[in-house]
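The values are calculated or read from the model by the stated rules, or taken from the named source; none is laboratory data. Just so we're clear, the structure is a prediction, and the values are computed from it rather than from any experiment. Here Cβ is always computed from backbone atoms with ideal geometry, including for glycine, and neighbour counts include all displayed protein chains. Side chains included, ligands, DNA and RNA excluded: accessible areas come from the protein's heavy atoms. Shrake-Rupley method; radii C 1.70, N 1.55, O 1.52, S 1.80 Å.
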Amino acid sequence: MSSSSTSQSSQSPPASPLLALPGAVAGEGPDEGVAAHYGDLFREQRALADGEGFVDLSHRGVVTVSGTDRLSWLHLLLTQHVAELPAGQATEALILSANGHIEQALSLVDDGATVWMHTEPGKQPELVEYLTSMRFFYEVEVADRTDAFAVVHLPAGSIADPPGTAAAVRETAYGRDLFLPRAALQDFAREHGPAIGVLAYEALRVEAHRPRLGLETDHRTIPHELGWIGTAVHLEKGCYRGQETVARVQNLGKPPRRLVFLHLDGSEVRIPVHGDAVRLAADGVEGRQVGFVTTSARHHELGPIALALVKRNIAADAPLIVGDDATAAAQEVVVAP
């Protein structure tokens, strides 16, 4: 018999108490509920790049899996090899549809007794529902912990020590994600400031070519298009939903689209937004669309930058234009053609 599953959270957590900090401007879209910035976007970016401060990611969903079978069971469901995941070792994983399309992107760590994972805001109920449906006879317990725990990010190079109140720490090359009790957020901010908004975090994510579920993905995205093979998909394991598509595309080497990094013309006042068309420059603004912008940002050193999904067969050196303003864009390869 499997143990019970609990769901303790509504779809969206309450707005962060750190929105009351001086200068805080609330985020929008998928980052609603936390601060976009605290009054000086480029200063916050520079601080984050230098390993200072922290980012409030308390809008993200937090889900835990405990029980003696947690790793062997998750190994059957996720794209990542987690059957023998060492305690404290961070990893990424996806959940795919039967056709291999990305449904969930998870950042997780096992603390020796419980797997802690965070996912996109509002995606945790769907994740809990799926995991619960797959329990069968395994000794696991799935819980939505979003109401009780919040994620905060300490950048790489930060000398701040995680507080003793942290339930788990997930350390990667980009920094540390802490799972903190929500009640400890304000004390954490007083001790580990300055607070840095999600716009700065997103700008550095774009610079690092890191995809994000719901921005770089749509209903038909497969892992090969975004460069998630290797980081979130282990090619030497099977037995997960969508694995057949992963293997077929890997063997044929022909995903339909590819992620690119764009250096945008800095003379434009407006930067493109998610969904803006990407076209071949030779075809003009009314010409052939070859992709769309997924995320754009203003970077403190690089200027306007973006990630975009384009057709696989577009040459890596093809000049592009973006949006109705026909902003010139130079490609930087993320996923090879």
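Counting only heavy atoms of the protein chains and using a 1.4 Å probe, HIS234 has close to 60 Å² of accessible surface. For THR172, the residues 5 or more places off, or on other chains, whose built amide H falls under 5 Å of its own are ASP177.
Ordered by packing density, taken as the mean number of other Cβ atoms within 10 Å over each peptide's residues, highest first, how do 62-71, 134-143 rank? Present the calculation step by step, with values, prior to reporting the outcome.
On the way: 62-71: 20.5, 134-143: 17.3.
Going by the mean number of other Cβ atoms within 10 Å, highest first, we get 62-71, 134-143.
Peptides 289-295, 145-151, 206-212 ordered by packing proxy, namely the average of other Cβ atoms within 10 Å per residue, highest first: 145-151, 289-295, 206-212.
Note on ILE271: accessible area approximately 40 square angstrom, rounded to 10, probe 1.4 Å, nucleic acids and ligands left out. What fraction of the DSSP beta bridges in the chain is antiparallel, stated in percent and rounded to the nearest 5? Here the share of antiparallel DSSP bridges comes out near 95 percent.
For the range 201-319, what is the convex hull (Cα atoms) projected area averaged across all directions, in square nanometres?
Values: hull surface 33.9 nm².
Spelled out: convex hull of the Cα atoms, projected over all directions, averaged, 8.5 nm².
Compute the accessible area per residue over the chain, keeping the other protein chains in place, probe 1.4 Å, unit Å². Write down the numbers at each step before the final one.
Working: 14330 Å² over 337 residues.
Result: 43 Å² per residue.
Taking all protein chains together and a 1.4 Å probe, the residues LEU154, LEU204, LEU252 rank LEU252, LEU204, LEU154 from largest to smallest accessible area.
Over all pairs of distinct alpha carbons, what does the Kirkwood formula give as the hydrodynamic radius of the range 64-186, in Å? The partial results should precede the final answer.
Numbers: mean 1/r = 0.0665 Å⁻¹.
By the Kirkwood definition, the hydrodynamic radius is 15.0 Å.
Computed from backbone phi, the HN-Hα couplings of the range 301-309 come to 10, 8, x, x, 9, 7, 10, 8, 9 Hz, rounded to whole numbers (Karplus: 6.51 cos²θ - 1.76 cosθ + 1.60, θ = phi - 60°; Gly and Pro given as x). Bridgeable lysines around LYS311 (alpha carbons under 21 Å apart, same-chain partners fewer than 8 residues away excluded): LYS254. Note on the chain: GNM, Cα springs under 10 Å; of ALA232, ALA168, ALA183, the largest mean-square fluctuation is that of ALA183.
Helices in the chain, meaning DSSP H runs of at least 4 residues, each add -39500 (n - 2.57). Divided by all residues, the mean residue ellipticity at 222 nm is -4500 deg cm²/dmol. Starting from one equal scatterer on each C-alpha and no solvent at all, send me the Debye-based log10 I(q)/I(0) for the range 18-104 at q = 0.16, 0.17, 0.25 Å⁻¹, two decimals. The calculated log intensity ratios at q = 0.16, 0.17, 0.25 Å⁻¹ are -0.86, -0.90, -1.20. Restricting the calculation to Cα atoms, the range 167-255 shows an Rg/Rh of 1.09 when the hydrodynamic-style radius is the Kirkwood one.
Its relative contact order, with pairs defined as Cα atoms under 8 Å and 6+ residues apart, puts the range 61-144 at 40 percent. TRP116 exposes around 20 Å² of accessible area when a 1.4 Å probe is run over every protein chain in place.
When the square roots of the Cα gyration tensor eigenvalues are ordered a ≥ b ≥ c, the ratio a/c for the range 56-130 is 1.5 or more and a/b does not exceed b/c, which makes its shape oblate. The candidates LEU302, LEU178, arranged from most to least accessible area with a 1.4 Å probe in the full protein assembly, appear as LEU302, LEU178.
In Å, the Kirkwood hydrodynamic radius of the chain over pairs of distinct alpha carbons? Walk me through the intermediate numbers first.
Details: mean 1/r = 0.0481 Å⁻¹.
Result for the chain, one decimal place: 20.8 Å.
Seen from SER107, the other residues with C-beta closer than 9 Å to its C-beta sum to a net charge of 0, counting Lys and Arg as +1 and Asp and Glu as -1.
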